[in-house]
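Engineer: Have a look at this one.
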Amino acid sequence: MRSYLIWASVLLFLISIALPVVTFKDIRPQENNDETWYGWGVLLLGWLGPRVNNYAWFANVFWLAGSLFLARGGRIPLILLSVAAVLALTMFQLPGSIADWNAEGAKKQASSFHYGAYVWLASMLSQWCGAIVSK
């Protein structure tokens, strides 16, 4: 059962990279420059999340470290993956956040999640469940 959860988590993570994750709407009424970010874009630029008070991207770091330690067993993977799960759940703080991405002052507001965000969250939580089962 544990190995199924681990591989399911990895597969879900890889799938989430190719899916649309979040839409940012231009908050200037005269503009309509909405942006939909895919998982690969969020993976590359998500470390900027603290600029909009969101730390969900950092779950990837703990997920990767926990996944590597999962083969060894023990408490370390469970702790790392628990931190990853908590950080991943902070993604729900993102909608409504306003981001100033460039020097031109084009502010965007995170408006909605797409299914890629939920697939990513499922990958984080399934790996955490794998750590619980292996304990």
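Here, each number is a calculation from the coordinates, and none is a lab measurement. Just so it is clear, the structure is predicted and the values come from calculations on it, not from any experiment. As a convention, Cβ positions derive from the backbone with ideal geometry for all residues, glycine included, and neighbour counts pool all protein chains shown.
Engineer: Can you give the extra length, in nm with one decimal, that the chain gains between I15 and R28 once fully stretched, where that is 0.36 nm per residue apart less the Cα-Cα distance? Each step should come with its number before you reach the end.
Structural biologist: Values: separation 13, 0.36 × 13 = 4.68 nm, distance 3.31 nm.
Separation in residues times 0.36 nm, less the Cα-Cα distance, equals 1.4 nm.
Engineer: Length gain on complete extension for the stretch L89 to Q109, per 0.36 nm per residue less the alpha carbon to alpha carbon distance?
Structural biologist: Working it through step by step, the gained length comes to 5.3 nm.
Engineer: Next up: Rank these for me by crowding, D34, D26, going from fewest to most other beta carbons within 10 Å.
Structural biologist: By the 10 Å Cβ count, ascending: D34, D26.
Engineer: Here's a follow-up. Could you tell me the distance between the Cα centroids of segment 59-103 and segment 1-53, to the nearest Å?
Structural biologist: Each part reduced to its Cα centre gives a spacing of 13 Å.
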